[in-house]
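Presented below is the structure to which this report refers.
The values are calculated or read from the model by the stated rules, or taken from the named source; none is laboratory data. Since the model is a prediction, treat every value here as computed from it, not as a measurement. Cβ coordinates were reconstructed from backbone atoms using ideal geometry, including for glycine residues, and neighbour counts include every protein chain displayed. Heavy atoms of the whole protein, side chains included, go into the accessibility calculation; ligands, DNA and RNA do not. Shrake-Rupley method; radii C 1.70, N 1.55, O 1.52, S 1.80 Å.
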Amino acid sequence: MLLNFLQMSVEVERKFLFDSDTLKAIEDIGDCVGQKQFHDKYFDTPDFKLTLRDVWLRRRKQSWELKCPIDPVNGTVEPGREKSLCTRYKEITNLPEIYQRVKEVIKVTCEDCKADITPSDEDDSWLNTLKLCCFAEFTTTRRSFTLKGEDGVKIDLDQADFGYHVGEIEVLVPEGADIQSAQEKIRHTAQRLGLNEERRVEGKMTVYLKRYRPEQYAILLSAHVL
């Protein structure tokens, strides 16, 4: 069983494709709160023990983040999730907690991961200990908006350096909070933007894997992770 960590949040988001009309609609109902550029590196074992469980380990600058579904260990897909327009992931940003969580997920099929170290931002040796290597690396330019009269809703417009752009409507809630309420906020925002897409839009990682890591993409697709 995974350890029960405190201070985790759940990221509820819906991706969408955007054009000049969508941008105008966003500017009409929201305020731009800045633009930034960041470089991401994603890590997994050579046989994809993390991503096969829909667990995503990322380093952005010097900070680490782990995104995992509500039940990341059993490897099953939440009923109806493949048809949902929204995704829901826990976010962990504390490195010692990330290390313990990754170690336990890998232990599901790797009983010999017995290393007991204290990882730090200055020492990446724990990656080698857990046999983790970088499988994806790209830079994103992001414009972010908050909505007028809609607390807690953020819109990000991302342009990846490999030529893919995608938008995200995001609501961040504490673990255990009302996810249905977050999904309703996202649905209402999508209506205000005139988004009528009835299928899930591919995220940056899905497109990256399809283009540059076709073997991993095929395996994750077959496992119903993507």
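Looking only at the range 199-226, count how many residues are outside any loop (DSSP other than H, G, I, E, B) and of a type outside the set (Lys, Arg).
Within the range 199-226, the subset outside any loop (DSSP other than H, G, I, E, B) is 204-212, 214-222.
So of that shortlist, the ones also of a type outside the set (Lys, Arg) come out as 205-209, 212, 214-222.
Looking only at that region, the number is 15.
On the basis of being over 13 Å from residue 30 (Cβ atoms) and of a type outside the set (A, V, I, L, M), does residue 175 make the cut? Against the criterion (over 13 Å from residue 30 (Cβ atoms) and of a type outside the set (A, V, I, L, M)), residue 175 qualifies.
When you check residue 152 against the structure, is it more than 17 Å from the chain's Cα centre (by Cα), farther than 27 Å from residue 187 by Cβ and free of Cβ contacts under 8 Å to residues at least 40 places away in the same chain, yes or no? Against the criterion (more than 17 Å from the chain's Cα centre (by Cα), farther than 27 Å from residue 187 by Cβ and free of Cβ contacts under 8 Å to residues at least 40 places away in the same chain), residue 152 does not qualify.
Conditions (1) of a type in the set (A, V, I, L, M); (2) closer than 29 Å to residue 221 by Cα, marked per residue:
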residue	(1), (2)
153	yes, no
172	yes, yes
187	no, yes
197	no, yes
203	no, yes
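Residues considered: 128, 196. Of these, the only one that is assigned to a loop (DSSP other than H, G, I, E, B) and open to solvent by 80 Å² or more (accessible area, probe 1.4 Å) is 196. Just so you know, in the range 9-23 the residues that are closer than 17 Å to residue 146 by Cβ and assigned to a helix (DSSP H, G or I) include one that is most open to solvent (accessible area, probe 1.4 Å), and it is 23. Here residue 51 meets each of (1) open to solvent by 20 Å² or more (accessible area, probe 1.4 Å); (2) in contact with a Phe, Trp or Tyr (Cβ under 9 Å, 6 or more places away or on another chain); (3) at pLDDT 95 or above with one exception, condition (1).
Please verify whether residue 168 is surrounded by 14 or more Cβ atoms within 10 Å (Cβ to Cβ), of a type outside the set (A, V, I, L, M, F, W, C) and modelled with pLDDT of 85 or more, treating the condition exactly as stated.
yes
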